[in-house]
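Chemist: Next up is a structure, given as structure tokens.
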Amino acid sequence: QVQLVESGGGLVQAGGSLRLSCAASGRTGSSAMAWFRQAPGKEREFVAALRWSESNLYTAESVKGRFTMSEDNAKNTVYLQMNSLKPEDTAVYYCAARFGIGRISIASEYGLWGQGTQVTVSS
């Protein structure tokens with residue numbers, strides 16, 4: 001079974017940058033890949049997604065202009081470049097793969113998840 005493995009998290013000061021990676025152990029056959037995040041005591045929140053059929057990037061309003069998602073098909077890897085980080089961006093970041101159609105920002109639509117990587121932004 002294909003697995004997703006995130007990396008690149010860490011501790012950074014406000015205003016800094018991080019790049020997260022999500023490597024798939026093989027071809028996922030997914031219709032879309034996304035990044036979600038979950039802060040302590042909060043629900044999992046949509047961050048960004050790429051829908052393969054349209055090559056469209058979807059980004060949450062809370063990170064628009066600061067975060068961008070990209071992919072390297074040759075490496076079966078997607079990335080999340082995070083710039084101008086804020087303390088409120090602190091969370092565990094998860095990548096996920098979706099295999100059907102529907103709303104791109106809904107976590108329950110995704111059937112394959114990574115283990116998550118912690119991002120902590122200090123003020």
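The values are calculated or read from the model by the stated rules, or taken from the named source; none is laboratory data. What you see is a predicted model; the values in this text were computed from it and never measured. Positions of Cβ are backbone-derived with ideal geometry, glycine not excepted, and every protein chain shown enters the neighbour counts. Surface accessibility is based on the protein's heavy atoms, side chains included, excluding ligands, DNA and RNA. Shrake-Rupley method; radii C 1.70, N 1.55, O 1.52, S 1.80 Å.
Chemist: When you look at Thr77, is it farther than 26 Å from Ser122 by Cβ, crowded, with 18+ Cβ neighbours inside 10 Å and of a type in the set (Ser, Thr, Tyr), yes or no?
Modeler: In short, yes.
Chemist: From the list Val47, Val63, Val119, Val78, exactly one residue is in a strand (DSSP E or B), in contact (Cβ under 8 Å) with a residue 12 or more places away in the chain and out of contact with any Phe, Trp or Tyr (no Cβ under 7 Å at 6 or more places or on another chain). Which is it?
Modeler: Values: Val47 fails: out of contact with any Phe, Trp or Tyr (no Cβ under 7 Å at 6 or more places or on another chain); Val63 fails: in a strand (DSSP E or B); Val119 fails: out of contact with any Phe, Trp or Tyr (no Cβ under 7 Å at 6 or more places or on another chain).
Testing whether each residue is in a strand (DSSP E or B), in contact (Cβ under 8 Å) with a residue 12 or more places away in the chain and out of contact with any Phe, Trp or Tyr (no Cβ under 7 Å at 6 or more places or on another chain) leaves just Val78.
Chemist: Pairs under 6 Å by beta carbon, first residue without any contact (Cβ under 8 Å) to a residue 60 or more places away in the chain and under 22 Å from Gln1 (Cβ atoms) in the stretch 89-116, partner open to solvent by less than 20 Å² (accessible area, probe 1.4 Å) and outside any loop (DSSP other than H, G, I, E, B), six or more apart or different chains?
Modeler: Glu109/Arg98
Chemist: Okay, moving on. I'm trying to understand the selection: among the residues of the stretch 11-30, which are closer than 19 Å to Ala91 by Cα, open to solvent by less than 50 Å² (accessible area, probe 1.4 Å) and under 15 Å from the mean Cα position of the chain (by Cα)?
Modeler: Leu18, Leu20, Ser21, Cys22
Chemist: Would you call Ser7 farther than 20 Å from Ser108 by Cα, in contact (Cβ under 8 Å) with a residue 60 or more places away in the chain, open to solvent by 30 Å² or more (accessible area, probe 1.4 Å) and of a type in the set (Ser, Thr, Tyr)? Full working, then the answer.
Modeler: Numbers: farther than 20 Å from Ser108 by Cα: yes; in contact (Cβ under 8 Å) with a residue 60 or more places away in the chain: yes; open to solvent by 30 Å² or more (accessible area, probe 1.4 Å): yes; of a type in the set (Ser, Thr, Tyr): yes.
Judged against the criteria, Ser7 is a match.
Chemist: Does the stretch 40-62 hold any residues that are of a type in the set (Ser, Thr, Tyr) and surrounded by 10 or more Cβ atoms within 10 Å (Cβ to Cβ), and which are they?
Modeler: Matches in the stretch 40-62: Tyr58, Thr59, Ser62.
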